[in-house]
Amino acid sequence: MNIIYNKKSMKKNNFKYEYIEYKNFRRCLKISTSNYTVILATQFGPRILFFGPNDKFNMLFEDTKDVFTMSTKEHQKKFHNKIWHCYGGHRLWVSPESILTYAPDNKPLNVQIRSNKIMIKAPTLPLINLKICWVLNVEQHKLNIKHSIQNLAKQSITLAPWSLTQMAPNGIAIFKFNDNQTGFLPNRRLIVWPYTHLQDARLFLGNKYLSLKMDPTKKQALKLGMDYHIGKASYILNNYQFTIQFKHNMKGDYPDYGCSLEAYTNNHFLEIETLGTLINLQSQASVRHKETWTIRKIKFTLLNTDEKINKLF
C-alpha cells in the first residue's frame, strides 16, 4: 500500500485513525474499523482515495500517474491556468456537466474529528462559488457519507449533487431494474450515451438486472443511466461486494433525462454515480446528498443471469 505511518495513532469509539503519507497523495487521514479501512485526502479534494476490507486491497481506482486532468484552453482561460486533477476514488461534483464542473480543487482541507464523525470542509470552489462539505459517520460495518453544497454566489444556480465513485479494474457492477407494476405504462428509463454500444460484451441486460464488467483491455467507453428507484448498487471484486445505497426521490426532477444513477467504464476504471434532484439553489442555501457504504465477503460466481445476480440483492 506504500504507506508511511506516524508513530502515534488515536482511537475514537470503535475506530482508529492516524495521519499518514499515502503514495504520491501526500498527507492523508487513515480510518480503520474491524470491517474496513478508509483513506481520505487532506491536501486536496475532498476525495476518498481508499476503501477496502482493512488493508487487504483497495476497491477504488487511484490515479497515481495523474492521467485524468482538465487543462483545455477554455478551462485554462476560465480558471487562470489552474489544472483540475481527477486523483481517483470518490468525489462530489455538480450536474449538469459543463466546463464549470471541473473547477480545480487542489487546496488543503479543514478536517475535524469529533466522536465517530469526520467533518471535511473544502475551500470555496473558484468561479462557481460553491462550498463543499462532507460529514463521514463511521460505524463498524458501514460508512455514512453526507455531502453538502452551499451556494456562496450572489445569484441562484440550478444544479444537482453528483456523487462519483471510481472503482478499481477487473470487477463487475450490478444494478436492479425498477419492478413497480404500472399496468399499461412503462416503469423504467434506460438512458444511453452516444458512444455506448448496447452489444458490448461487458454489458449484461437481463429482465430484472443489469451488470457491467470493467475490462482493462477495452478502451471503448460505455455509459448508461437509470431512474433508479431501489437506490442500491454494488461492485464485486476479489470475492468482496462493495455496496452503495442512496435514496431516490420518486417526485424529484433528475438531470440527464431523469437519471438518479449512472454507470461509466473505460479501460482504467468503472464509475458508479449517484445523483440528487435538480434544484434552483438560492444564494447562501445548501443542498445535501447522502450515501451509505458497506462491504462484505462473498463467494464469487459469474454474474451473467438474473438468478445469479438476485442472490446478491
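The values are calculated or read from the model by the stated rules, or taken from the named source; none is laboratory data. Keep in mind that this is a model prediction, so the values were computed, not measured. Positions of Cβ are backbone-derived with ideal geometry, glycine not excepted, and every protein chain shown enters the neighbour counts. All accessible areas refer to the heavy atoms of the entire protein, side chains included, with ligands and DNA or RNA removed. Shrake-Rupley method; radii C 1.70, N 1.55, O 1.52, S 1.80 Å.
Dipole size of segment 69-122 about its Cα centre, with +1 on Lys/Arg Cβ and -1 on Asp/Glu Cβ: approximately 220 debye, rounded to the nearest 20.
Applying the Karplus relation 6.51 cos²θ - 1.76 cosθ + 1.60 with θ = phi - 60° to segment 153-170 yields 3J(HN,Hα) values of 6, 6, 9, 6, 9, 8, 7, 10, x, 9, 9, 10, 10, 8, 8, 5, x, 6 Hz, where x marks Gly and Pro. In the chain, helices alone account for a calculated mean residue ellipticity at 222 nm of -1000 deg cm²/dmol, with every DSSP H run of four or more residues adding -39,500 (n - 2.57). Taking amide hydrogens as placed 1.01 Å from N in the peptide plane, the amide H of Y228 sits under 5 Å from those of S260, L261, each at least 5 positions away in sequence or on another chain.
The rule of thumb for compact globular proteins, 2.2 N^0.38 Å, goes into the C-alpha radius of gyration of the chain 0.98 times. Taken over segment 223-287, the convex hull of the Cα atoms encloses 120 Å³ per residue. Sorted into 10 angstrom bins from 0, the C-alpha pair distances of segment 51-189 split as 9, 30, 33, 20, 7, 1 percent. Cα centroid separation, segment 241-268 to segment 65-100: 21 Å.
For segment 66-136, the square roots of the Cα gyration tensor eigenvalues, ordered a ≥ b ≥ c, give a/c of at least 1.5 with a/b greater than b/c, which places it in the prolate category.
The GNM of the chain, with springs linking C-alpha atoms under 10 angstrom apart, assigns the highest mean-square fluctuation among G183, G206, G252 to G183. Rounded to the nearest 20 debye, the dipole magnitude of the chain is 1040 debye, with +1 charges on Lys and Arg beta carbons, -1 on Asp and Glu beta carbons, and the Cα centre as origin. Each label point was placed 7 Å from the Cα along the Cα-to-Cβ direction; for Q199 and N81 their separation is 4.9 nm.
Element breakdown for the chain at a 1.4 angstrom probe: carbon and sulfur atoms account for 50% of the accessible area. Averaging the sequence gap over all C-alpha pairs within less than 8 Å and six or more residues apart, then dividing by the number of residues, gives the chain a relative contact order of 16 percent. A simple charge model with +1 on the Cβ of Lys and Arg, -1 on the Cβ of Asp and Glu and nothing else charged puts the dipole of segment 159-283 at about 240 debye relative to its Cα centre. Residues considered: T72, T42, T277. Largest GNM mean-square fluctuation over the chain, using C-alpha springs under 10 Å, is found at T72.
At the listed q of 0.11, 0.22, 0.23 Å⁻¹, the Debye profile of segment 159-236, built from one uniform point per Cα, gives log10 I(q)/I(0) equal to -0.33, -1.23, -1.31. Could you run the Karplus curve 6.51 cos²θ - 1.76 cosθ + 1.60 with θ = phi - 60° over segment 113-129 and give me ³J(HN,Hα) per residue in whole Hz, x for Gly and Pro? So the J values, rounded to whole Hz, are 10, 9, 6, 9, 10, 10, 9, 10, 10, 9, x, 4, 5, x, 6, 8, 6. Look at the alpha carbon pairs under 8 Å that are at least 6 residues apart: their mean separation over the length of segment 203-313 gives a relative contact order of 31 percent. Computed with a 1.4 Å probe over protein heavy atoms only, the accessible surface of segment 208-282 comes to 38 Å² per residue. Ranking F204, F50 by solvent-accessible area of protein heavy atoms (1.4 Å probe, all protein chains present), from largest to smallest, gives F204, F50.
At full extension, K23 and K73 could sit 15.0 nm farther apart than now, given 0.36 nm per residue minus the alpha carbon distance. Suppose a student asked you for the relative contact order of segment 252-313, using Cα pairs under 8 Å spaced at least 6 residues apart; what percent would you report? In percent, rounded to a whole number, it is 22. Based on the Kirkwood approach, the hydrodynamic radius assigned to segment 5-125 is 15.5 Å, with every pair of different Cα atoms included.
Residues considered: A263, A168, A201. Largest GNM mean-square fluctuation over the chain, using C-alpha springs under 10 Å, is found at A201. All C-alpha pair distances within segment 126-177, sorted into 5 Å bins from zero, spread as 4, 12, 17, 17, 17, 15, 10, 7, 2, 0 percent across the bins.
Express in % the proportion of alpha carbon pairs of segment 265-313 at distances exceeding 14 Å. Of all Cα-Cα pairs in segment 265-313, 74 percent lie more than 14 Å apart.
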